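Presented below is the structure to which this report refers.
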Amino acid sequence: STVSAVAWAQGADVGLVNLVSGGVTYAPFSGSAGEAKPFMRVRDGDRFNVPAGGQVRIVYFTSSRQERWSGPTLPSRTRLMPSAISGKAAEITVLPAGVPQRIARVPDLMQSAKLGGIQVRGGLTRRQEASLEQQTIVREARDTYERMRKEMPADDITSELYLYAVLHDYLLYEDMKVVVDEMLRKQPGNDEVKQLLVWVNSRRGR
């Protein structure tokens, strides 16, 4: 009993896995199959096999939709809507505009943290005072975050990933630490999030 979810959207990277459990595997359109991992990119034609008791959640960038597939089921996904040939249908959450685009940056941010690097956008340093425009962006992102987290399941860190990506643009490490702590509260066994915490702590106070 498996899930076979196919990404049909246009483009190389069409989505991001933001939660996976229960021995989920994937088979890319080309290349070798492997174990699905949190924060891996989903590409056009990827197929995910989820056994009974497993689940995978995928954020799609162009449709602003998050799909949660729980095994066992056999879904078929069109460009417009997913449907189940047999078994359980996907649970669908529509995300606010702009959120998937921020989440699309998460794999790069995760990789940067693992390598101990830092990405600076627009030359902004930690000690520079944020402009009014930047303050507005962050404030609006916090409002979006609060709305999202009230609607998401208890173990869903999509809203935190979104806010983290916004805060990272302005190197707001203290605020990022709070967000990562919340991710770990929701998913205490997530090794990638633990690595983020190590990196954020290494940047604080500089």
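Stretch residue 112-residue 41 to full length: gain in nm at 0.36 nm per residue minus the Cα-Cα span? Provide the component values of the computation, followed by the final result.
On the way: separation 71, 0.36 × 71 = 25.56 nm, distance 1.54 nm.
In short, 24.0 nm is gained.
Fully extended, how many nm does the chain gain between residue 150 and residue 32 (0.36 nm per residue separation, minus their Cα-Cα distance)?
Gain in length upon complete extension: 38.6 nm.
Compute, for residue 173, the solvent-accessible surface of its heavy atoms (probe 1.4 Å) with the complete set of protein chains present, and express it in square angstrom to the nearest 10.
Looks like 10 Å² after rounding.
Between residue 198 and residue 89, take the C-beta separation as r, use R0 = 30 Å, and let me know the FRET efficiency to the nearest 0.05. Can you show the working numbers first?
Details: r = 39 Å, r/R0 = 1.29.
Efficiency, rounded to the nearest 0.05: 0.20.
Could you check the simple spin-label distance between residue 97 and residue 178, using points 7 Å along Cα→Cβ, in nm with one decimal?
Output for this residue pair reads 2.8 nm.
Given the protein chains as shown and a 1.4 Å probe, how many square angstrom of residue 200 are accessible, to the nearest 10?
Rounded to the nearest 10, that gives 0 Å².
As a test question: what accessible area, to the nearest 10 Å², does residue 41 have when a 1.4 Å probe is rolled over all protein chains in place?
80 Å²
The values are calculated or read from the model by the stated rules, or taken from the named source; none is laboratory data. Note that the structure is a prediction, hence the values are computed from the model and not measured. Heads up, the Cβs are rebuilt from the backbone with ideal geometry, glycines too, and the neighbour counts pull from every protein chain shown. For accessibility, only protein heavy atoms count, side chains too; no ligands or nucleic acids. Shrake-Rupley method; radii C 1.70, N 1.55, O 1.52, S 1.80 Å.
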